[in-house]
Amino acid sequence: MGYRFTDLTAACQDDWRAYIEHDFVRQLGQGHLADDAFRHYLKQDYLFLIHFARAYALAAYKSPTLADLRQAHEGLKAIVDVELELHVGYCREWGISEQQLAELPEARATLAYTRYVLDTGNRGDLLDLHVALAPCLVGYGEIANWLNAQPDTLRGDANPYDAWIAMYEGEEFQAAMHAELAWIDARLADVTPARFDALTRIFRDATRLEIDFWQMGLDGSD
């Protein structure tokens, strides 16, 4: 019997829970998160999305099959043509102009995670890259689902961050998350124990860097 994505999260359980249930996430769900903390996160997330698009371009280069190439192409198009435009519009609602986004310096947490993903993809293969990206693509979907399961999560107009939760609980993002899980599960099924250990190290490192990204938002750190 082969490995699955749940084996990665089980192997990194403490870090995974610390990421999914981070204070930034809890405060966002309760509607208590400071406005400045959310704005700082939004700005840096814009920069992250740009590097996320670069990672999908790298995935296209690393693709051994036409199916993988098509998947990478669709991911790149979704980020560049849809998600970045939506993010710019969302930032505008929070008083952050597109000009401000264009002039942003990268925080150290942004640099650390995005360059780790790209370096992992450059050094490794397509599975290494997908595992490094999984805490973002899979994690955000799981975070939205976790928030909806908490009794103190506030939904609707009473929570200024309700639209953020709605984005990641939405049908489109959840479908992308499940497609990614299916892709990773299919490839983990054939890996050796030694290969799984190496992938676990990538997943753990990426998850810890995502924890740092939340903390950067809370602290407002550069």
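Taken together, the values in this text are just the output of simple stated rules run on the coordinates, not laboratory data. Note that the structure is predicted; figures quoted are calculated from it, not measured. Note: ideal-geometry Cβ built from the backbone for every residue, glycine included; neighbour counts use all protein chains shown.
Points worth noting:
- Summed side-chain charge close to Leu218 - residues other than Leu218 whose Cβ falls under 12 Å, Lys, Arg +1, Asp, Glu -1: -3
- The chain: DSSP helices with Cα axial extent of at least 20 Å and average Kyte-Doolittle hydropathy no lower than -0.5: 35-62, 126-148, 171-188, 193-219
- Fluctuation leader among Pro151, Pro135, Pro105 - the chain, Gaussian network, Cα springs under 10 angstrom: Pro151
- Sparsely packed loop sites in region 22-129 (the GluC sites (Glu not before Pro) outside DSSP H, G, I, E and B with at most 11 other Cβ atoms within 10 Å) comprise Glu103.
- Spatial separation of Cα centroids for region 80-131 and region 1-35, in angstrom: 20 Å
- Judged by the ratio a/c of the largest to the smallest principal axis of the C-alpha gyration tensor, region 76-193 counts as oblate, that ratio being 1.5 or greater while a/b is no larger than b/c.
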